[in-house]
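Participant: Dropping the structure in here first, questions after.
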């Protein structure tokens, strides 16, 4: 079966930084499952179905990537999918503190699951889903920072033409 990693997130929306981390994760793992965490505490811009569609389109040319969504604890999902690790991307030191806490909690919940961190490529280090949504909301051009399907979906959501 090979080594499997789960790359969890809200992916609201997916960015080129996410794609970069997953692409590089494929050099370490035979399969990466990109999994949308259904988190009731967040108010996402895109529905689960829309995010799944954007993820499927964004990763269609990447063999070894599977797209899914899950409820509940991440460690339970990782076990269910028979994965070996959690794959997370880091942009800056500010990401590290939160991600480190999550990794420690996941390790406490299940000592058999490892967390692997990859630094986002320098050209994507400033990009986050929140920043992308904010720029798009006011008509900013997000091309080149997100997959083409995301640009189109952002235009539809906000009814803007990107400059």
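The values are calculated or read from the model by the stated rules, or taken from the named source; none is laboratory data. What you see is a predicted model, and the numbers here were worked out from it, not measured in a lab. As a convention, Cβ positions derive from the backbone with ideal geometry for all residues, glycine included, and neighbour counts pool all protein chains shown.
Participant: Taking the stretch 103-144 only, how many residues are free of Cβ contacts under 8 Å to residues at least 12 places away in the same chain, closer than 27 Å to residue 75 by Cα and surrounded by 15 or more Cβ atoms within 10 Å (Cβ to Cβ)?
Facilitator: Number of matching residues: 1.
Participant: Another one. For residue 154, state whether it is in contact with a strand residue (DSSP E or B) (Cβ under 9 Å, 6 or more places away or on another chain) and either loosely packed, with under 15 Cβ neighbours inside 10 Å or in contact (Cβ under 8 Å) with a residue 40 or more places away in the chain (or both).
Facilitator: yes
Participant: Just one of 95, 148, 84 is on the phi < 0 side of the Ramachandran plot, without any contact (Cβ under 8 Å) to a residue 12 or more places away in the chain and in contact with a helix residue (DSSP H, G or I) (Cβ under 9 Å, 6 or more places away or on another chain); which is it?
Facilitator: 148
Participant: Determine whether residue 57 is modelled with pLDDT of 95 or more and surrounded by fewer than 16 Cβ atoms within 10 Å (Cβ to Cβ).
Facilitator: no
Participant: Can you name the residue in the stretch 82-118 that is within 19 Å of residue 20 (Cβ to Cβ) and in a loop (DSSP other than H, G, I, E, B) and, of all such residues, is farthest from the chain's Cα centre (by Cα)?
Facilitator: For the stretch 82-118, the residue satisfying everything is 92.
Participant: Evaluate the following for residue 67: is it crowded, with 19+ Cβ neighbours inside 10 Å and either touching a helix residue (DSSP H, G or I) at 6+ places or on another chain (Cβ under 7 Å) or at pLDDT 95 or above (or both)?
Facilitator: So residue 67 fits the description; yes.
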